[in-house]
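Accompanying notes for the structure given below.
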Amino acid sequence: MKVGRNDPCPCGSGLKYKKCCLVENNALPKDLKQEYFRKYNIRLKEISDIEALKKAGDLVVRTLDLAEQHIKAGVKTKQLDAIVHEFTLKNHAVPACLNYRGFPKSVCISVNEEICHGIPGERDLKDGDIVNIDVTSILDGYYADASKTYFVGTPSAKARKIVRIARESLKAGMAMVRPGNTIGDIGWAIQKYAEKHECSVVREFVGHGVGFEFHEAPQVPHYGVKGRGIKLVPGMVFTIEPMINLGRKELHILGDNWTAVTNDGSLSAQFEQTLYVTPDGFESLTPYDLNEPLFK
Ligand code: MF3
Ligand code: CO
Ligand code: CO
């Protein structure tokens, strides 16, 4: 079925197709861009922005792959930070975390019960740990943001479970991303999946618009109500980055003023990608395989 330019937009906005989701001549409808900025402070991205973001995203994924190669028992998290830092600079990019709101290192590294924003330091990785590496790079002024949780040595059954559920949670959220669905649909799908497996969803940190800055509108909660929230439209770029705990959802921040840890000491895992809403779904700007065997 072909939608005419003047027909109602299939996303259900009530606008004409040409004023809403139709992408013509590689440019977004001006009205939609203005409406999303005025109403929500959301900066929709043009095709030229997406091309630049793909380059930034490709660097982020290659940086994660490089860091993974150095993960083993006995390695200090500050050594992984140095590897990320140097590789980023060598590729003419800037580590977005460094000095961001006073964050002192170039990457966030969060181990076991650490949920996110772990500061690399003297901690040695040990056999059985799980470790999240969260890389954000600025290339040509464009930000891309992605993270993965890895095993150190041989994982316990609990470690395998929480990493698997966190990865599947990201996939459940991504499966909701298409024009006409809402921000609430994403969180709803993640929460439903994680809670069905008796895990919990962190509330204090959310996915976010990204691209021209590190954290842009909108916020993307990893919990929520189906059909609620802003409608997704082509040109939106945001992260989904569910933090999933094996135990309860409550957290506190350590004395370093950054590291978030589970109150009950249970394991927490996270996967994150930067996504671009297209006319018929989405494309990842930080594509990595979410289906590879979890433990090789
Ligand atoms: N990369 C994190 C995110 O996914 C943010 C880290 S902010 C920092 O949004 F300051 F801790 F680096
Ligand atoms: Co991140
Ligand atoms: Co993020």
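The values are calculated or read from the model by the stated rules, or taken from the named source; none is laboratory data. Bear in mind the structure is a predicted one, so any value in this text is a computation, not a measurement. Glycine gets a Cβ as well: all are built from the backbone with ideal geometry, and neighbour counts include every protein chain shown. Surface areas here come from the heavy atoms of the whole protein model, side chains and all, with no ligands, DNA or RNA. Shrake-Rupley method; radii C 1.70, N 1.55, O 1.52, S 1.80 Å.
Details
- Between 129, 134, the distinction of being of a type in the set (D, E, K, R), within 14 Å of residue 269 (Cα to Cα) and within 16 Å of ligand 1 (Cβ to nearest atom) belongs to 134 only.
- In the stretch 265-278, the qualifying residues are those that are touching a strand residue (DSSP E or B) at 6+ places or on another chain (Cβ under 7 Å) and farther than 21 Å from residue 189 by Cβ, and the one that is surrounded by the most Cβ atoms within 10 Å (Cβ to Cβ) is 267.
- Residue among 285, 251, 290 that alone is closer than 28 Å to residue 100 by Cβ, within 16 Å of ligand 1 (Cβ to nearest atom) and within 15 Å of the chain's Cα centre (by Cα): 285
- Looking only at the stretch 81-112, and only at residues there that are among the β-branched types (Val, Ile, Thr) and assigned to a helix (DSSP H, G or I), the one that is nearest to residue 57 (Cα to Cα): 88
- Here residue 269 fulfils each of the conditions (1) in a loop (DSSP other than H, G, I, E, B); (2) under 22 Å from residue 158 (Cβ atoms) apart from (1).
- Note on the stretch 26-73: residues that are on the phi < 0 side of the Ramachandran plot, of a type outside the set (Gly, Ala, Ser) and not in a helix (DSSP H, G or I) amount to 10.
- Residue pairs whose Cβ atoms lie under 6 Å apart, sitting 6 or more positions apart in sequence or on different chains, and linking a residue in the stretch 263-284 that is on the phi > 0 side of the Ramachandran plot and aliphatic (A, V, I, L, M) to a partner that is within 16 Å of ligand 1 (Cβ to nearest atom) and part of a loop (DSSP other than H, G, I, E, B), do not occur here.
- The combined condition, being within 15 Å of ligand 1 (Cβ to nearest atom) and of a type in the set (Lys, Arg), is not fulfilled by residue 161.
- Residues that are out of contact with any helix residue (DSSP H, G or I) (no Cβ under 8 Å at 6 or more places or on another chain) and without any contact (Cβ under 8 Å) to a residue 24 or more places away in the chain occur in the stretch 149-164; there is at least one.
- Subset of the stretch 79-92 [touching a strand residue (DSSP E or B) at 6+ places or on another chain (Cβ under 9 Å) and open to solvent by less than 80 Å² (accessible area, probe 1.4 Å)]: 80, 81, 84, 85, 88, 91
- Taking the stretch 113-165 as the range and being within 23 Å of residue 92 (Cα to Cα) and either part of a helix (DSSP H, G or I) or open to solvent by less than 10 Å² (accessible area, probe 1.4 Å) (or both) as the test, the residues that pass are 120, 133, 135, 136, 137, 144, 145, 146, 147.
- Listed by position, the strands (runs of 3 or more DSSP E) inside the stretch 201-264 whose residues that are open to solvent by 50 Å² or more (accessible area, probe 1.4 Å) number at least 2 are 251-253.
- So residue 173, is it open to solvent by less than 10 Å² (accessible area, probe 1.4 Å), out of contact with any Cys (no Cβ under 9 Å at 6 or more places or on another chain), within 26 Å of residue 94 (Cα to Cα) and of a type outside the set (Asp, Glu): no
- Some residue of the stretch 166-186 being without any contact (Cβ under 8 Å) to a residue 60 or more places away in the chain, in a helix (DSSP H, G or I) and within 15 Å of ligand 2 (Cβ to nearest atom): no
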